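Some notes on the structure that comes next.
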Amino acid sequence: MSTSEKPRGTATRLVHDDYVAPSPFGGLNVGVHHASTIAWPTVAQMRARDWKHDTGYSYGLHGTPTTYTLAHRIAALEGGMHCLLVPSGLAAIVLVDFALLQTGDRLLLPDNVYNPSRDLGDTVLAGLGIETVFYDPMDPASLEAAIDERTKLIWLETPGSVTMEMPDIPALVAIAKKHGVLTAIDNTWAAGLLFRPFNHGIDIVMHALTKYPSGGSDVLMGSVTTRDDDLHQRLKAVEMKMGYGIGGDDAYLMLRGLATMEMRLDRSGENGLALARWMSARPEISAVLHPAFPDCPGHEFWKRDFSGSAGLFSVIVDESIEEAQVDAMIDALELFSIGFSWGGVHSLAVPYRIALPGGPARDAAPWPHRGVLVRFYAGTEDAVDLIDDLQQAFVKLGR
Ligand SMILES: Cc1ncc(COP(=O)(O)O)c(C=O)c1O
């Protein structure tokens, strides 16, 4: 019943009612809150709103019960204190760069960095007068040589995107600390479970939640996690100015995925090892770039610092085999999809032109291989079926 004496019209009653849902509600999962508008009971409460913390609500873009819950779980996963959620992994990289860099600053990126991060530096940041310099992540001296008084941010990545080199993170962080430069790491491969960046003194942990946390190949999201209040507020202030936010449905899907991530990662990691072992015995493959394999650059750092491996790795096809034959092999695969975004239940294969014209630039670390690189992602299917599939497709490589 309305509190007003006069009966209200249908259109009004379709918007307003006096029903108060009983609480508590015993569902096991947090509710999916959809909101742009946040309303306050009084003007005084509206004026007293605090948009800097997750202790209240100010605008749908800045947080709802669903998104705050997810942010807390990601912060816990990474071993951090604060977490910001943004619409993609790349958006998280952009946020860190925009929040911490200004005209005249220098940014240092590992030479094997996720390529859109390199592009961002070479184009948008360059246009803003921010210089991007690339260092060889496998050579700490190369990092030290690239640091100058303008250097404000160093990115690290474990392992390198596509080429899979595993850097000595403690050695790189020690150099950054010696020069008082902030460090950010792309911790996506380790899924927040296999490596603990904060324990090694990293300042900011970025994670493309699109991959293992989602697990469904159907949600895009990124996170920026910190342990330091001031740094978090610096990042948050820019996040708000850039208009970044995430929707309730995506946050809910992410929470669903997160709950089973460890089991999926275990399975995918084991499948990845089985596929990589099979490939290492094949004459068509000249190198297996998997951090758990002794001949992968930085294997000793993986062994020292990581508790396991993800299902993403690369191989180099013997240089006598033409690119067209490699393409035919990938086309012949029945259980592996040809796609970039990994971390789901489906296995993937995708060729990269690292050593070929059109491949990504390498400024600081020359690429030692000549054959075509194929990146594989092992999903959660039965390993025996995946290997049977590889077996029939490898015929196309003509050996
Ligand atoms: C290592 C790594 N970092 C960041 C990203 C970017 O994530 P998103 O696809 O959510 O933008 C990806 C995506 O492929 C990635 O593999």
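The values are calculated or read from the model by the stated rules, or taken from the named source; none is laboratory data. Keep in mind the model is a prediction, meaning the values are calculated, not measured. Cβ atoms come from the backbone with ideal geometry, glycine included; neighbour counts cover every protein chain shown. These area figures cover heavy atoms from the full protein model, side chains too; ligands, DNA and RNA do not enter into them. Shrake-Rupley method; radii C 1.70, N 1.55, O 1.52, S 1.80 Å.
Here are the numbers for the structure shown:
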| read-out | value |
| --- | --- |
| Residue, farthest from Val94 (Cα to Cα), within the stretch 217-234, restricted to residues that are within 17 Å of the chain's Cα centre (by Cα) and open to solvent by less than 40 Å² (accessible area, probe 1.4 Å) | Val219 |
| The stretch 232-253, residues that are within 25 Å of His34 (Cβ to Cβ), more than 16 Å from the ligand (Cβ to nearest atom) and either among the small types (Gly, Ala, Ser) or part of a loop (DSSP other than H, G, I, E, B) (or both) | Gly243, Gly248 |
| Of residues in the stretch 59-88 being small (Gly, Ala, Ser) and assigned to a helix (DSSP H, G or I), the one nearest to the ligand (Cβ to nearest atom) | Ala71 |
| Evaluation of Thr151 against (1) within 16 Å of the ligand (Cβ to nearest atom); (2) surrounded by fewer than 24 Cβ atoms within 10 Å (Cβ to Cβ); (3) not aliphatic (A, V, I, L, M) (one fails), failing number | (1) |
| Answer from His200, His207 - the residue that is of a type outside the set (A, V, I, L, M, F, W, C), more than 11 Å from the ligand (Cβ to nearest atom) and either assigned by TED's automatic domain parsing to the domain that holds Leu108 or open to solvent by 40 Å² or more (accessible area, probe 1.4 Å) (or both) | His200 |
| Candidates Leu258, Leu172, Leu182 - the one that is open to solvent by less than 10 Å² (accessible area, probe 1.4 Å) and either over 23 Å from Phe313 (Cα atoms) or at pLDDT 95 or above (or both) | Leu172 |
| Residue that is farthest from the ligand (Cβ to nearest atom) [pool: residues in the stretch 89-131 that are hydroxyl-bearing (Ser, Thr, Tyr) and buried (at least 19 other Cβ atoms within 10 Å of the Cβ)] | Ser117 |
| Glu270, sole failed condition from (1) in contact with a strand residue (DSSP E or B) (Cβ under 6 Å, 6 or more places away or on another chain); (2) part of a helix (DSSP H, G or I) | (1) |
